[in-house]
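To start, the structure itself, in structure tokens.
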Amino acid sequence: LIEAHWIVSNIALIATRSTLGADHPIRRVLRVFQYNTGIVNYQSTLFLSVENGFLHRCTGLTYEALGTGFKIFAENFKCETFPDFVASKGLDKDSCIPLVTDGIPVWNVLKKFFISYVNYFYQDDSEVLSDLELVAFWQCINMRGNFGSPWSYGLPNLGNCLLYTSDAADE
């Protein structure tokens with residue numbers, strides 16, 4: 001809940017809506033992944049995170065301790081690729097759990113799609129870095145929505161993280 005909704009999808013939605021114009025190619029491609037994100041996240045705060053709400057009642061924690069747990073999780077969240085996440089759990093490509101057997105092939109398909117999509121609009125790093133909306137989007141995500149968080153995600157420099165060759169999609 002915290003990682004998928006309150007951190008990853010929430011920050012992506014905030015960055016998309018606050019920095020990318022309605023017709024920006026990155027906003028257009030993210031639209032399908034962000035469908036109803038705002039309302040789902042808002043509803044989860046109303047029903048799951050409140051004192052004596054569902055999530056609080058499912059734990060043996062006081063509400064204060066639950067809040068401390070949320071804070072610790074948010075402070076320690078690490079932005080990483082899916083393969084790095086799987087490896088950090090001590091799993092390898094031969095693990096027979098769905099997270100690996102299904103997750104890695106889905107990751108590879110999505111990675112190949114996004115590389116092709118980005119290549120269509122950006123030919124090299126100079127084009128990426130000259131797109132001021134995209135630079136602002138990346139910065140907004142890295143700074144957790146630009147709301148004054150003392151923690152950044154530590155994303156790589158924008159010009160160093162995009163892949164422009166189809167060979168990279170096969171890795």
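The values are calculated or read from the model by the stated rules, or taken from the named source; none is laboratory data. On a predicted model such as this, the values are computed, not experimentally measured, just so you know. As a convention, Cβ positions derive from the backbone with ideal geometry for all residues, glycine included, and neighbour counts pool all protein chains shown. Ligands, DNA and RNA are excluded from the accessible area calculation, which covers all protein heavy atoms including side chains. Shrake-Rupley method; radii C 1.70, N 1.55, O 1.52, S 1.80 Å.
A few comments on the model shown:
- Residue tally, condition among the small types (Gly, Ala, Ser), surrounded by 14 or more Cβ atoms within 10 Å (Cβ to Cβ) and at pLDDT below 85, over the stretch 125-171: 2
- Qualifying residue in the stretch 80-100 (condition: within 30 Å of residue 51 (Cβ to Cβ) and surrounded by 10 or more Cβ atoms within 10 Å (Cβ to Cβ)): no
- Residue selection: residue 71 fails the criterion of being basic (Lys, Arg), modelled with pLDDT of 90 or more and open to solvent by 40 Å² or more (accessible area, probe 1.4 Å).
- Which numbered condition residue 105 misses (of (1) at pLDDT 90 or above; (2) surrounded by 11 or more Cβ atoms within 10 Å (Cβ to Cβ)): (2)
- Flag for residue 8 being open to solvent by less than 90 Å² (accessible area, probe 1.4 Å) and farther than 23 Å from residue 136 by Cβ: no
- For residue 56, the criteria (1) over 24 Å from residue 119 (Cα atoms); (2) in contact (Cβ under 8 Å) with a residue 24 or more places away in the chain; (3) open to solvent by less than 60 Å² (accessible area, probe 1.4 Å); (4) not hydroxyl-bearing (Ser, Thr, Tyr) hold in every case but one, which is (2).
- Test: residue in the stretch 93-107 that is within 27 Å of residue 150 (Cβ to Cβ) and among the small types (Gly, Ala, Ser): no
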